[in-house]
Amino acid sequence: MLDVEKIRRDFPILSKTLEGKPLVYLDNAATTHKPESVIRALDNFYRQDNSNIHRSTHGLANKATEDYERTRRHVARFIGAACAQEIVFTRNATESINLVARSWAAENLKAGDEILVTEMEHHANVVPWQMLAREKGLKLKVLPFDDQGLLKMDELDSLLTEKVKLFAFTWVSNVLGTVNPVEELVRRAKARGAAVLVDAAQAAPHLGVDVRKLGCDFLAFSAHKMLGPTGVGVLWGREELLDAMPPYQGGGSMIEDVRLPEGTTWNLAPWKFEAGTPDIAGVACFDAALDYLEALGMDEVHRREAELTALALDRLQRVEGFRLYGTRDPSRRGAVISFNLEGANASDLGQLLDSMGVAVRTGKLCAHPIMRHYGVEGMARASFYFYNTGEEVERFVQDLQRCRKILGVPAVKA
Amino acid sequence: MTEALPPKLKAMVEELNSVDDLTDKYEILIEIGGRLEEIPEEAKTEANLVRGCQSVVHVYGGLQDGKMAFRGHADAMIVNGLLTLLVEGLSGLTPREVLAVSPDFIKETGVVKALTPSRVNGFYNIYERVKALALAASNAGGK
Ligand SMILES: Cc1ncc(COP(=O)(O)O)c(C=O)c1O
């Protein structure tokens, strides 16, 4: 059993007040808070180890390089990669996906080829493909979801024609909370010869990831959603794919030799994808975030979140006019609850809750197609992490009841 | 600071400043917004739409007998209250008087933390629209 009070003491920001009230932070799907160990590591990096990497021979640079590369090895272990060379550091999950679009897909897809995404993607896993499709004459296809927020698996095979060269989908939806059957999706796409990219931005922070078990080709996520610093993203790619891919951006560090006026050659993967000075401190200190998660254990993280989600769904169900977007089936959902109160505007809910010290997200949640699916202008979203408590869930629901009263939401008859 | 505000706006701002708690302030804003006259559906046009707000906001207005007359609507109640501060508070002024009102009063009320384009409350975008309407009227010959 996890001692949540002890855990909360590791996160300085959690003892803050918002509008004079104890902060209840339920916007973890946007970004999570950082434990003392990560904050201290960042402070320490700039005090003790700051240097550029892969360039100078002095001791500081060696230390910084070693710290940076240690995180790469750690990430590889954390997600079950075959080797550290399969880990590319980017700015965020968004850049990881753009990298695959601009490098692998731009090289391997030609006019008439198709890319399959799902209707529940974050814009980060839609727009890069649309941009590429426009340029190269590719076609984007969409696997829809049903009103329960579950992918229509029976439509998958007919969409996976041989023209589909890539299936890019999210493991866990940042809006619906749906945990998609990732292994089955990968297996069925691979069986049709498509490459597979998994957007793990909402999965890696909450579930154990084992890329070998998944069987996909690429996997993307962000450090900031899993206790790490902002400015650090991860792209995992199968080694032989990364090796064969052209660079993404040009500049220092990504080259082997530069000749004028031409004849420049590339560094090896993953370094050929890391042009210029990266977020060295951020990457180096992501290591401490992974340590923290490993010490807790991802199973325990998941177990706690499931508990909080079940409690929240139970309490919310009693709030009149509460409308959940997504499945109630606990085995198929994560710790994200998007909702509306009938008769209330989501932005009013968000602002009122904020005034009561409860931080949630409102709006279109970077997923306009999902808003369109349900015909709503926006949603409110509460998302939990292992450091949230049952008391916080209760307070959130009480405050939501108060919002209902303030907004004069009329009682609805079931 | 509220000294310099036009009387109708000043009264609403003082109402907001009479309480400390942000939830209470929002309640007052909702009440203020509730007094705003509905606009006709035909006025909810693309041209009157204020972009960059999380909620759907329409604002329009022009000169009537030398004074600005603003109207508007937001589909979120708190934003509607913010909009009412401007629409009600600045109607009846000359364009030049409207342009002379600094938006800083809103920061003092505490209901808007920063005067930057923010999707959440949209106050800044609404303020910019109201100013643009006054400027257009003033260029068209109003004083
Ligand atoms: C499912 C999903 N994919 C991608 C992203 C993009 O992450 P980032 O903004 O860190 O690049 C997010 C972030 O909200 C997300 O929830």
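The values are calculated or read from the model by the stated rules, or taken from the named source; none is laboratory data. In this text, all values refer to a predicted model and were calculated from it rather than measured experimentally. Every residue, glycine among them, receives a Cβ derived from its backbone with ideal geometry; neighbour counts consider all protein chains shown.
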### Complete set of residues in the range A:167-203 that are of a type outside the set (Val, Ile, Thr) and more than 29 Å from residue A:313 (Cβ to Cβ)
A:167, A:168, A:187, A:188, A:189, A:190, A:191, A:192, A:193, A:194, A:195, A:197
### Query
How many residues are in contact with a Gly (Cβ under 6 Å, 6 or more places away or on another chain) and within 16 Å of the ligand (Cβ to nearest atom) if we restrict to the range A:209-227?
2
### Summary
Scanning the range A:1-44 residue by residue, those free of Cβ contacts under 8 Å to residues at least 40 places away in the same chain and either part of a loop (DSSP other than H, G, I, E, B) or polar (S, T, N, Q) (or both) turn out to be A:1, A:3, A:15, A:16, A:44
### Query
In the range A:95-124, what count of residues is obtained for those that are within 8 Å of the ligand (Cβ to nearest atom), in contact with a Phe, Trp or Tyr (Cβ under 8 Å, 6 or more places away or on another chain) and either outside any helix (DSSP H, G or I) or outside the structural domain of residue A:134 (by TED's automatic domain parsing) (or both)?
1
### Task
Being outside any loop (DSSP other than H, G, I, E, B) and closer than 20 Å to residue A:386 by Cβ is the filter here, so list the residues in the range A:215-241 that pass it.
A:221, A:222, A:223, A:224, A:225, A:226
### Message
Go through (1) without any contact (Cβ under 8 Å) to a residue 24 or more places away in the chain; (2) loosely packed, with under 14 Cβ neighbours inside 10 Å; (3) more than 24 Å from residue A:295 (Cα to Cα) for residue A:111 and report which single condition fails.
### Response
(1)
### Query
Is there a residue being touching a Ser or Thr at 6+ places or on another chain (Cβ under 7 Å) and more than 16 Å from the ligand (Cβ to nearest atom) anywhere in the range A:235-245?
yes
### Message
Anything in the range B:74-92 that is surrounded by fewer than 23 Cβ atoms within 10 Å (Cβ to Cβ) and within 14 Å of another protein chain (Cβ to nearest Cβ)? List them, or say none.
### Response
B:75
### Query
Quick one: is residue A:128 within 11 Å of the ligand (Cβ to nearest atom) and in contact with a helix residue (DSSP H, G or I) (Cβ under 9 Å, 6 or more places away or on another chain)?
yes
### Message
Show the residue pairs meeting these rules: Cβ distance below 7 Å; 6+ apart or different chains; first residue within the range A:117-141 and in contact (Cβ under 8 Å) with a residue 40 or more places away in the chain; second residue near the ligand (Cβ under 10 Å from one of its atoms) and in a helix (DSSP H, G or I).
### Response
A:117/A:125; A:124/A:93; A:124/A:94; A:124/A:97; A:125/A:97
### Meets criteria (away from every other protein chain (no Cβ under 14 Å), within 16 Å of the chain's Cα centre (by Cα), farther than 17 Å from residue A:169 by Cβ and away from the ligand (no atom under 16 Å from the Cβ)) for residue A:78
yes
### Query
What pairs come up if the first residue lies in the range A:219-248 and is farther than 18 Å from residue A:289 by Cβ, the second is within 12 Å of the ligand (Cβ to nearest atom), and their beta carbons are under 6 Å apart, counting only those six or more places apart or on different chains?
A:248/A:99
### Message
Every residue in the range A:84-94 that is crowded, with 21+ Cβ neighbours inside 10 Å and near the ligand (Cβ under 9 Å from one of its atoms), please.
### Response
A:90, A:92, A:93, A:94
### Query
Taking residue A:321, is it touching a residue at least 60 places away in the same chain (Cβ under 8 Å) and either of a type in the set (Gly, Ala, Ser) or farther than 20 Å from residue A:150 by Cβ (or both)?
yes
#### Entry: Out of A:225, A:190, sole residue that is among the charged types (D, E, K, R) and either crowded, with 24+ Cβ neighbours inside 10 Å or not assigned by TED's automatic domain parsing to the domain that holds residue A:77 (or both)
A:225
### Task
Tell me which of these residue B:102 doesn't satisfy, since it passes every other one: (1) within 14 Å of residue B:6 (Cβ to Cβ); (2) modelled with pLDDT of 95 or more.
(2)
